[in-house]
1. Eight or more residues apart or on different chains, and alpha-carbon atoms under 16 Å: count the Lys pairs in the chain matching that.
2. Using only Cα atoms, figure out Rg for region 3-102 and give it as a multiple of 2.2 N^0.38 Å.
Amino acid sequence: MSIRRVEFEVLRKRALHMVTMAENAFENGFYDVSCFLAEQALQLYLKAMLLKLLGGYPRTHSIRRLLGELSKLVDSRLEEFCRVNWVRLSALEDAYLMARYFVKPYYREEGCYTSGR
C-alpha cells in the first residue's frame, strides 16, 4: 500500500472518529467541544479527499479554501453549497480557534453540530 493511501486512510478514519466524538460531546452538552470536533472532522475529511484525488492538499485550516479546492475537482453542486452556506462555513471555521482559546459560549440551538448524517 502506498504512503498516500495509508495517509488517506488515517485521515479519513480520524475524521469519522471525530464525528462520533462530536456527536457524543453534543449530546452531553459540551457544545464548544462539539463545534471544535465537527470542524476538525470536516477539515481532516476534506484533506483526505484532496489527498486521494490530487495526491496532496493545501497546508491550511480553512474549510472554505479546502472546499474550494475540492469543488474544482468534483460536481459543481459543491461550489453552490459553499456559496449558499458561506456564513455557516465561516462560523464552523471560527470554532477552530474560538472553542479552544476564547470564552465564547456555544448553545444547542446554534446547531453547530447536528446528528442524523
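Please treat every number below as a calculation from the coordinates, not as lab data. All values reported here derive from a predicted model rather than from experimental measurement.
1. Values: LYS13/LYS47; LYS13/LYS52; LYS47/LYS72; LYS52/LYS72.
Close lysine pairs found across the chain: 4.
2. Working: Rg = 13.7 Å, N = 100, 2.2 N^0.38 = 12.7 Å.
Ratio of Cα Rg to 2.2 N^0.38 Å: 1.08.
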